[in-house]
1. Only helical DSSP H runs with n ≥ 4 go in: add -39500 (n - 2.57) per run for chain A, normalise by residue count and round the 222 nm mean residue ellipticity to 500 deg cm²/dmol.
2. Given H placed on each backbone N at 1.01 Å, which residues far from A:CYS453 in sequence or on other chains put an amide H within less than 5 Å of it?
3. So for region A:290-391, taking the charge dipole from beta-carbon charges (+1 Lys/Arg, -1 Asp/Glu), which of A:TYR335, A:VAL325, A:PRO294 sits furthest toward the positive end?
4. Starting from 0 in steps of 10 Å, tell me what percent of the Cα-Cα pairs of region A:406-482 lands in each bin.
5. With unit charges on the beta carbons (Lys and Arg positive, Asp and Glu negative) and the dipole taken about the Cα centre of chain A, which residue among A:GLY260, A:SER75, A:ALA25 sits farthest to the positive side?
6. Measuring from centroid to centroid over Cα atoms, what is the spacing of region A:130-168 and region A:267-314 in Å?
7. Could you give the size of the charge dipole of region A:14-273 about its Cα centre, using +1 on the Cβ of each K and R and -1 on the Cβ of each D and E, expressed in debye and rounded to the nearest 20?
8. Could you please state how large a percent of the accessible area of chain A is carbon and sulfur, counting protein chains only and using a 1.4 Å probe?
Amino acid sequence: MAGNKGLTSPQEDYSRWYNEVVLKAELADYSPVKGTMVIRPYGYTLWENVQEQLDRRFKETGHVNAYFPLFIPMSFLEKEAEHVEGFSPELAVVTHAGGKELEEPLVVRPTSETIIGYMYSKWVRSYRDLPILINQWANVVRWELRTRLFLRTSEFLWQEGHTAHATREEAMEETLRILDLYADFAENEAAIPVIKGIKTERERFAGAVASYTIEAMMGNGWALQSGTSHFLGQNFAKAFDIKFLDQNNQLQYAWTTSWGVSTRMVGAIIMAHGDERGLRLPPRLAPIQVVIVPIWRQAADGKAILAKAQEIATALKGASVRVKVDDREQYQPGYKFNEWELRGVPLRIELGPRDLAANKVVLARRDRPAREGKTTVALSDLTTTVQSLLTEIQASMLSTARAFRDAHTHSVSSYDEFKEYLASEGGFFRVYWAGSNEDEAHIKEETKATIRCLPFDQPEGEGTCFYTGKRTNQVAIFARAY
RNA sequence: CGGGGCGUAGCGCAGUCCGGUAGCGCACAGCGUUUGGGACGCUGGGGUCGGAGGUUCAAAUCCUCUCGCCCCGACCA
């Protein structure tokens, strides 16, 4: 039996598998309002670990956290033409409060560029007030038509960074610094390889001059935009009058950026690593890194084994390992093995009478199939072995994900070939591209694939556009996307 | 909003055609035996059959209206 009992195989029905994993692993549950979800403790702890690692990186690069309000005057949204056009279809608007109709409707923030722009205009007078490097952790609301747990919910959690700078160069540097930061997080914490690139006009954030993205490949070959960093130019500065006197006493508009990673990242972790047994969590983010499953035949053994399990747990905690002893008596070991595998715990310690007698334990790696992933280790070496195994699993998960992505990245030279491969294999398509906005729209209409980005990693030489046949030196990444 | 499907115990479903007063599996509770890859036995608790109205001696079942959810298409972190 390959998979977890009762779990749909990802090969058979990927989206069903995804939903089941989220629900059965107790990451989240549906909430009564359509399109909203409850993030359960296990899922929330995972999110907290994402937060912690991102937040650490923000602070290291000079950013500070603040909080801006949930409600935004409707008129603010309207100040930036593209912005309001982009967001108006999905706004939740409060028209009544305190028992009467409001004079001006309040928008529940879909993102906070506008209210933050408004505040920045109050705070900025001189080049000496710049840069402003603020991040906020918040919830936002976008009334989506089709929702999916973690990937697209009407309300979601995220961080949004909003910075203002004196020069174009500085703002652009910031935009790219954050993109690198996101990529570093994705690869080194989430073990998800990403492609850095710039969005085409069609996919650009409403109101931005340029949008940059990290794109990750999910287990079904689809792309997931996992973080974005926007260079906003002076668009919002002009809309909100963020002006300062420069060193030459000249009045200038500030240059702003915004960037975000959301709870969608949890979806990325699920889909980039999950398998037919369920979730596989990268050790650096896993709420539980090691689970200890005690095993005993006779009640008399139980006490000693549980005591030893606790002793091991204490030792591991002392070494900063997130460990849990599964001391539930109503479940058998086999059940627990499967359950913790479903929930993605990277490493399991099995401790039975034989082990106790020999001063050993069995270690089982989640990233390797049943027997292959099991080793026996002496108790005296346990802590160092666990630590090195966690490091190894983390690295192995990244390289496995990278190998998977590379194996599912194709380069095609004609549109027919593209369509054929997209239908049969899926995955990413790294192709020479000289098409127009309309060409892109047409391809999307016919194949549902979109340009995920124009990757930073561009070829040296020229090639022929797979769609238009024109010569070009630009490549694009096409894929089906969430 | 267009197309398709579904609402019966916490979950998954049967029962609906052909009306007779609700059942199965899992889960849950108690007791006992079990425990190295999803144990078993016995006992037990749990239902306004999505909602409202109608037909009928009698409605989960037939009729009318309604509400909600899921999947597929047009937008998005």
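1. -11000 deg cm²/dmol
2. Distant-sequence amide H within range of A:CYS453: A:ILE477.
3. The residue sitting most towards the positive pole is A:TYR335.
4. That works out to 21, 59, 20, 0, in percent per bin.
5. Farthest along the dipole direction, towards plus: A:ALA25.
6. Between the Cα centres of region A:130-168 and region A:267-314 lies a distance of 34 Å.
7. On the way: 26 positive and 33 negative charges, 60 e Å.
Using only the charged Cβ atoms, the result is roughly 280 debye.
8. 48 percent
The values are calculated or read from the model by the stated rules, or taken from the named source; none is laboratory data. Computed from a predicted model, the values in this text were never measured in an experiment. With ideal geometry, Cβ positions are generated from the backbone for all residues, glycine too; neighbour counts draw on all protein chains shown. Heads up: the accessible areas ignore ligands, DNA and RNA and are worked out on the full protein's heavy atoms, side chains in. Shrake-Rupley method; radii C 1.70, N 1.55, O 1.52, S 1.80 Å.
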